[in-house]
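Asker: I'd like to ask some things about the structure below.
The values are calculated or read from the model by the stated rules, or taken from the named source; none is laboratory data. All of these numbers come straight from a predicted model, not from anything done at the bench. Ideal geometry is used to build each Cβ from the backbone, glycine not excepted, and the neighbour counts take in all protein chains shown. Quick note on the areas: whole protein, heavy atoms, side chains included, nothing else; ligands and nucleic acids left out. Shrake-Rupley method; radii C 1.70, N 1.55, O 1.52, S 1.80 Å.
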Amino acid sequence: MSTTTLTEWAYPLAESLLAEELPRRWQHSLGVAGRARKLVPILGADAELLEAAAVLHDIGYASALAKTGFHPLDGARYLRDTAGADQRVVRLVAHHSCAWMEAEARGLREELEDEFPCEAPELADALCFCDMNTTPDGVPTNPVDRVDEIAGRYGPDSLIGMFIRRAEPEILLSCARVHERLAAAKRQPM
């Protein structure tokens, strides 16, 4: 990976795992990465790191990687154990979009937290913002509609439906914190 940038490495990897088998998930991942590029003013040196995590965040859905059925954990393990990814990318993938709450519902929270420490809160917020402001087709949306879409797709009484409603307040707070940081960055003189 020394002669290529983090994003030059991440995009082909994500594409190889998602594009053919899960084309809609691939479109979502591209949309999330596109949102990440728009956060450069508040991310500085971490902008490329976030974009790489954004394009990779859902690789755990790929059938070749799905071992536990919990995509953040499966994706992070693959990135760590097979792909040799940057540990910060691995941690962001493992914990994206309030993953700890879903891990708890699946009985995997201790496993998740033991294996993967959390990344910096501002980066976790930024990845959650990008994910929750992007539809399954990669189109921009807002977090309220995105949470509604997820709950509707999986059903309100499903594990995912209940998790996403439980996570909704934290998702909205994460998105609000990113909006606040963007607004503050716009107010800064050049």
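Asker: Let me have the relative contact order for the stretch 13-60, percent, based on Cα pairs under 8 Å that are six or more residues apart.
Answerer: Relative contact order here is 45 percent.
Asker: Run the numbers on the chain and let me know its relative contact order in percent, using alpha-carbon pairs under 8 Å that are six or more apart.
Answerer: RCO, the chain: 21 percent.
Asker: Moving on. Starting from the Cα gyration tensor of the chain, take the square roots of the eigenvalues, sort them a ≥ b ≥ c, and report rounded, prolate or oblate (rounded when a/c is under 1.5, otherwise prolate if a/b is larger than b/c, else oblate).
Answerer: rounded
Asker: Which FRET efficiency value, to the nearest 0.05, do you get for residue 82 and residue 183 by plugging their Cβ-Cβ distance into 1/(1 + (r/R0)^6) with R0 = 35 Å?
Answerer: Given R0 = 35 Å and the Cβ-Cβ separation, E is 0.30.
Asker: Distance in nm between label sites at residue 106 and residue 16, each 7 Å beyond Cα in the beta-carbon direction?
Answerer: About 2.4 nm separates the two model spin labels.
Asker: Counting only protein chains, not ligands or nucleic acids, how are 146, 80, 37 ordered by accessible area (probe 1.4 Å), most first?
Answerer: 37, 80, 146
Asker: In nanometres, what is the gap between the two model label sites at residue 66 and residue 4, each 7 Å from Cα along Cα-to-Cβ?
Answerer: 2.6 nm
Asker: Where does the chain land at 222 nm, in deg cm²/dmol rounded to the nearest 500, when only DSSP H runs of n ≥ 4 count, each adding -39500 (n - 2.57), divided by all residues?
Answerer: -20500 deg cm²/dmol
Asker: So, counting K/R as plus one and D/E as minus one, what does the shell of residues with Cβ under 14 Å around residue 177 add up to?
Answerer: That works out to -3.
Asker: Count charges around residue 98 for me, please; just the other residues with Cβ under 15 Å from its Cβ, Lys/Arg as +1, Asp/Glu as -1.
Answerer: Residues close to residue 98 contribute a combined charge of -2.
Asker: Can you give me the solvent accessible area of residue 162 with a 1.4 Å probe, rounded to the nearest 10 Å²?
Answerer: 110 Å²
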